Amino acid sequence: MSTTTIRLPNELKSRVAEAAKRAGTTAHGFILEAIAEKAGQDERRADFESEAESRYARIIASGETVPWDDMRNYLKAKIAGESVSAPKSRKIAR
C-alpha cells in the first residue's frame, strides 16, 4: 500500500474527526471511505456518459428513435401491470 499526504484545513480536519466519530470509525478510515465513494461516483458517471454517447451514435447512424409519446404510454402500461409490447423505433423526421 502506498502513502499519500494530504493537507486539510483545520476546520475540515475537525469536521472529518467528528463525522468519523459518529460513524464509529477512525478519521483515516473515514477519509479512505470518502475517497473510494467519490472515485466510484466518478466511475459511474463516466460509464453513464460513455453509454449515452454510444446510444446517441447508434441513433445518428440508424436515424431511428422511439417517439416519446409511444415510450411514455408503454412505460405507463408496464407500471400498471399491463402486458404490452415494446414500442417500435422509427426514422427521425427531419
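Arranged by the count of other C-beta atoms within 10 angstrom, fewest first, what order do 48, 30 take?
If I rank by nearby Cβ atoms, fewest first, I get 48, 30.
Determine, for 4, 25, the number of other Cβ atoms within 10 Å of each Cβ, and report the residues in order from fewest to most.
Values: 4 5, 25 14.
In order of increasing Cβ crowding within 10 Å: 4, 25.
Compute the distance in nm between two label points, each set 7 Å from the Cα along the Cα-to-Cβ direction, one at residue 21 and one at residue 43.
Going by the 7 Å Cα→Cβ label model, 3.3 nm.
So which GluC sites (Glu not before Pro) in segment 1-90 pass both tests, a DSSP loop state and at most 16 other Cβ atoms within 10 Å of the Cβ?
82
Using the C-alpha atoms of the chain, what convex hull volume per residue, in cubic angstrom, is computed?
Details: hull volume 22.9 nm³, N = 94.
Normalising the Cα hull of the chain by residue number yields 244 Å³.
So how much slack lies between residue 55 and residue 91, counting 0.36 nm per residue of separation and subtracting their Cα-Cα distance, in nm?
Full extension of this stretch gives 11.5 nm more.
For the chain, what is the calculated [θ] at 222 nm in deg cm²/dmol (nearest 500), taking -39500 (n - 2.57) for each run of four or more DSSP H residues and dividing by its residue count?
-23000 deg cm²/dmol
Taking the Cα centre of each part, how many Å lie between segment 59-94 and segment 19-33?
The distance from the Cα centre of segment 59-94 to that of segment 19-33 comes to 47 Å.
We did not get these values from a lab; they are worked out from the coordinates using the rules stated. Owing to the predicted nature of the structure, the values given are computational and were not obtained by experimental measurement. Backbone-built Cβ (ideal geometry, glycine too); neighbour counts: all protein chains shown.
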